[in-house]
Every structure is written in C-alpha cells, then in structure tokens.
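Accompanying notes for the structure given below.
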Amino acid sequence: MNNFEERYTAWLDGALDENERERFEAGLPDCEAARAEATEWAKLRGLLRETLVPAPMPHADFLNSQVLAAIHREEPKTESAREVVGRGWFSAGRLAWAGAFLLAVAAALSFVLVPRNGGAPTESQFISQVVDARSSDPKLGAYAFAAPGGKGAVLWVTDAGYIPANERIK
C-alpha cells in the first residue's frame, strides 16, 4: 500500500496482516485516538448493515417489465439486412449493373488484344527452308535456330572456313 489513506482504511477494515498492522500502529502519532476512532467506525459499520437492508420490492416482475419496455423504447431502431442491402452503394441492382459492365469491358479487351489470324500460327517459309538445309560434305555441320527477337533465323555452319557474306551457299 502506497499512501497513508490506503493503509489507514485497510487498518480500519482489519485487512492488514500482523506485521503490517504493528508497523502501521507504531507509526501513528496518537495510537489511542486512532483505536477509539476504529471502534466508532466498527459500530457505525454494524449499524449501517442493520438499518440499510434493502426493502422487499412489491411486484418486482411488473417493475422489471416496465424498465425493459422503457429501454426498448429508447433504443435506436435497427434495420433489417434486407433494408440495408436494398439501398446504398452496394444494392443488388448496382452490383448487377457493375457485373454486366465488367463483363462487357473484358469482352472488348479480349477482342482488341487477342490477335485473330484464323488458327494456330504457322512458321514462315524462310525458317522451313533453313531447317531443311543439308550439306553433302560429312565434315560440315549445320545448325539452325531462331534469331533473337524472333524476326529471322540463323544458320550456323561448322568447319566451312571463311564464307563471304554475299556468296550464295549451294
């Protein structure tokens, strides 16, 4: 207990243990006056317990029903879930229109962004010719692959020596 008032109240109520009570009484300037006050306090507490007994309430059920009725009259009226959903930003009609709008936007975007060329993309004839290129010389090796960016093809010939850029391969 931190302050004098708390310790004094606990001493009057008899809530201090033996050691705490002895230390508190040793610190009192006038122990006899404090004990006299504690005795009077005990008498007053007993008198209040005897006289302040709650009187039995006639018709307690009627009074309770009246109090509950008054409470229900004062409570704000709550709305049902159907009333709340029926108006505002998230009404059923607005949600339906928003869904239809989003479907239309998705259809338009797929029509604009997805290419339509009549089926699966085919390889160009150039790539077909490169892949079909063969050498009659067994020492030569030919490898064909797509150029970076996919806009052409590269033919890699091994052990061919120097071939000028403008020379045609037979």
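The values are calculated or read from the model by the stated rules, or taken from the named source; none is laboratory data. The shown structure was predicted, so the numbers you read here are calculated from the model rather than taken from an experiment. No Cβ is skipped: glycine too gets one built from the backbone with ideal geometry, and neighbour counts run over all protein chains shown.
Check every one of the helices (runs of 4 or more DSSP H) wholly within region 1-76 and list those with 2 or more residues that are aromatic (Phe, Trp, Tyr).
Where helices (runs of 4 or more DSSP H) fall fully within region 1-76 and carry at least 2 residues being aromatic (Phe, Trp, Tyr), they are 4-13.
Which of the residues spanning region 63-102 are surrounded by 10 or more Cβ atoms within 10 Å (Cβ to Cβ), at pLDDT below 75 and small (Gly, Ala, Ser)?
Residue satisfying the conditions is Gly86 alone.
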